[in-house]
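These notes are about the structure you will find just below.
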Amino acid sequence: MDKHNLIRTQAYVNGQWVHANSRKTFDVTNPANGELIASVTGMDRNDVRKAIDAANSAWPAYRDLTAGERAALLKKWHTLILEHKEALARLMTMECGKVLQESLGEVAYVLAPFGGIKESGTGREGSKYGMDYFMEIKYLCFGGIS
């Protein structure tokens, strides 16, 4: 998938891509060369409130999913990120002006269990969560599946 296919100029609210009510936009440029990447919708306080309300309304349905159902959603998300890691890294490089190798590292980092808990046993830097906690959560959420 081309990095440009990942670019969205609207906000995802309540299951739909929407413009701000004001129709205002702002430009996102590549800091490395000043090139315009896209003009994206500029949400105001009322737009954000609608998004928060939609998220709150969606919470009960997600909360009531079983651990296995939640795990299936997370695995699907993981698969999609892995499938499009190159395009995501190139997009991150365009947006942030960093080198591609660093962006690829960030994509790999979010693919690690729980955003970077290390399976080496050292745990997340600056965190109380170590290997024992990771293994307990892995077992509860994924039934011990690797």
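The values are calculated or read from the model by the stated rules, or taken from the named source; none is laboratory data. Since this is a predicted model, take the numbers as computed values, not measurements. Don't worry about glycine lacking a Cβ; one is built from the backbone with ideal geometry, like all the others, and counts go over all protein chains shown. We work out accessible area using only protein heavy atoms, side chains counted, and drop any ligands, DNA or RNA first. Shrake-Rupley method; radii C 1.70, N 1.55, O 1.52, S 1.80 Å.
Just to be sure before I move on: is Ala38 more than 18 Å from the chain's Cα centre (by Cα), at pLDDT below 95 and of a type in the set (A, V, I, L, M) in the structure I sent?
Spelling it out, Ala38 is indeed more than 18 Å from the chain's Cα centre (by Cα), at pLDDT below 95 and of a type in the set (A, V, I, L, M).
Can you spot a residue in the stretch 122-139 that is hydroxyl-bearing (Ser, Thr, Tyr), modelled with pLDDT of 75 or more, open to solvent by 50 Å² or more (accessible area, probe 1.4 Å) and in a helix (DSSP H, G or I)?
Scanning the stretch 122-139, I find no residue that is hydroxyl-bearing (Ser, Thr, Tyr), modelled with pLDDT of 75 or more, open to solvent by 50 Å² or more (accessible area, probe 1.4 Å) and in a helix (DSSP H, G or I), so the answer is no.
Pairs only if they're at least six apart or on different chains, beta carbon under 9 angstrom, first in the stretch 45-61 and in a helix (DSSP H, G or I), second hydrophobic (A, V, I, L, M, F, W, C) and exposed (fewer than 11 other Cβ atoms within 10 Å of the Cβ); list them, first residue then second.
Once the first residue is in a helix (DSSP H, G or I) and sits in the stretch 45-61, no partner that is hydrophobic (A, V, I, L, M, F, W, C) and exposed (fewer than 11 other Cβ atoms within 10 Å of the Cβ) comes close enough.
State yes or no: is Ala20 among the aliphatic types (A, V, I, L, M), at pLDDT 95 or above and in a loop (DSSP other than H, G, I, E, B)?
yes
Which of the residues spanning the stretch 14-44 are over 29 Å from Thr93 (Cα atoms) and open to solvent by 60 Å² or more (accessible area, probe 1.4 Å)?
Within the stretch 14-44, just Asn21 meets the criteria.
Specify the residue that is surrounded by the most Cβ atoms within 10 Å (Cβ to Cβ); the eligible residues are those in the stretch 64-94 that are among the hydroxyl-bearing types (Ser, Thr, Tyr) and within 30 Å of Asn30 (Cβ to Cβ).
Among those residues, the one meeting the criterion is Thr93.
Contact list please: Cβ distance under 7 Å, first residue in the stretch 66-95 and in contact (Cβ under 8 Å) with a residue 24 or more places away in the chain, second residue assigned to a helix (DSSP H, G or I) and open to solvent by 90 Å² or more (accessible area, probe 1.4 Å), pairs at least six apart or on different chains.
Short answer, once both residue conditions are applied: Ala67/Leu140.
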